[in-house]
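Scroll down for the structure; my scribbles are underneath it.
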Amino acid sequence: MKRVIASLLFVPFVFLGGNAIISAQSNALNIPGTHVYITPPIGFKVGTGFKGLEKTKDIYIKVFDPYNTNYVKYAQTFTRKSLENGGSEVQDYKKLTVSGFQAKYASVQNNMGGTTFFLVFGDSVFSTMIIASCPANKDSEMRQIKAALMSVNYSKTLSIDPLAGTFFNINDTNSTYRFAKFNNDYYIYSSNGVVKDQYFGESIISILPFTSEYSVGDETIARAIRSSYEQYGITDARIKKESQVQVGKLNAMEAEVNAKIDNKKAVLYRLTLIDGKKAILVLGIATSDFDKNIDAFRNLAYTLKFK
């Protein structure tokens, strides 16, 4: 469970901007690109590089919708005991409902002495996870974050644009890989858009958008690539070929990489686009039909545009 919590807190090299700061308590706000409505805390703003709200880079509320395909199954592992067994000091834990859906709420002390909040809810065909974080000695912000989580409502029938609130567009209309879900800051595109908890042994393509306080440099890109490999358990990565290509009006670095996942052969497609302080890392993982999938990854990646 400790590993699960660590992955939930994965926020790679992101310094995020947003819209106007909320100066007074307002009505419920729909988080762009999600089915979630939340009454925002005072002083928070809508994030532009993630789905959720933030006050500072250390005080935020992040929304993962969908998180996986089955709350009922996931909830069996999200218990006070499992949190404690993972080494976390559980400050609060309870069951509740969100818009009629079963839900669980927990707050735990994180490794920096602050508090991490979790709210997960859903049914047998979906789950949504909301994660918030606040440093130590910020009692007012902690109270506001908890109140915001308790205000959450969910509209299962709301039609959404999964890329709302992002700084990029991608067109998967003519691709065999369609948007499936947003998870751990990655936009995951699977074959025909099938949503699964995990895609073990399957070919997928993921997109990681991130920003920097300054212009994105080589070291930031290298760290993003390393973290992406760790995210998917990629080992023995060796560049097969690499070149500079033109994607829209921007130069991009494109590479094909031989690698292994669980000691099985995989071929990776990698594309990096940079526009000042904004960047996108595309990582396609082909576990079979390598040439066909690499072509499909490339065709989808070349539709990327910065907004």
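The values are calculated or read from the model by the stated rules, or taken from the named source; none is laboratory data. Predicted, not measured: the structure shown is a model, and the values here were computed from it. Glycine also receives a Cβ, built like all others from the backbone with ideal geometry; neighbour counts cover every protein chain displayed. What goes into the accessible areas is simple: the full protein's heavy atoms, side chains included, and nothing from ligands, DNA or RNA. Shrake-Rupley method; radii C 1.70, N 1.55, O 1.52, S 1.80 Å.
Against the numbered list (1) among the hydrophobic types (A, V, I, L, M, F, W, C); (2) part of a loop (DSSP other than H, G, I, E, B); (3) buried (at least 17 other Cβ atoms within 10 Å of the Cβ), PHE179 comes up short only at (2). If we scan the stretch 203-211, do we find a residue that is farther than 27 Å from SER288 by Cα and either among the aliphatic types (A, V, I, L, M) or touching a residue at least 40 places away in the same chain (Cβ under 8 Å) (or both)? Within the stretch 203-211 (the criterion being farther than 27 Å from SER288 by Cα and either among the aliphatic types (A, V, I, L, M) or touching a residue at least 40 places away in the same chain (Cβ under 8 Å) (or both)), the answer is yes, since at least one residue qualifies. Restricting the stretch 279-293 to residues that are part of a loop (DSSP other than H, G, I, E, B) and open to solvent by less than 60 Å² (accessible area, probe 1.4 Å) leaves a set whose member that is nearest to ARG223 (Cα to Cα) is THR287.
Would you confirm whether any residue within the stretch 102-110 is of a type in the set (Ser, Thr, Tyr), part of a strand (DSSP E or B) and within 26 Å of VAL46 (Cβ to Cβ)? Yes, because at least one residue in the stretch 102-110 is of a type in the set (Ser, Thr, Tyr), part of a strand (DSSP E or B) and within 26 Å of VAL46 (Cβ to Cβ). Taking every residue in the stretch 128-148 that is assigned to a helix (DSSP H, G or I) and pairing it with any residue that is β-branched (Val, Ile, Thr) and open to solvent by 40 Å² or more (accessible area, probe 1.4 Å), at least 6 positions away or on another chain, the pairs with Cβ-Cβ distances below 9 Å are GLN144/ILE42. Scanning the stretch 61-80 for residues that are closer than 13 Å to LYS95 by Cβ and either among the small types (Gly, Ala, Ser) or open to solvent by less than 30 Å² (accessible area, probe 1.4 Å) (or both) turns up TYR71, ALA75, PHE78. Taking the conditions (1) modelled with pLDDT of 85 or more; (2) open to solvent by 40 Å² or more (accessible area, probe 1.4 Å) in turn, ASP197 satisfies each one other than (1). Residues in the stretch 213-244 that are more than 15 Å from GLY276 (Cα to Cα), in contact (Cβ under 8 Å) with a residue 24 or more places away in the chain, open to solvent by less than 80 Å² (accessible area, probe 1.4 Å) and not aromatic (Phe, Trp, Tyr): 9 in all.
The single residue among GLY52, GLY47, GLY122 that is crowded, with 21+ Cβ neighbours inside 10 Å, within 25 Å of GLY165 (Cα to Cα) and touching a Leu at 6+ places or on another chain (Cβ under 6 Å) turns out to be GLY47.
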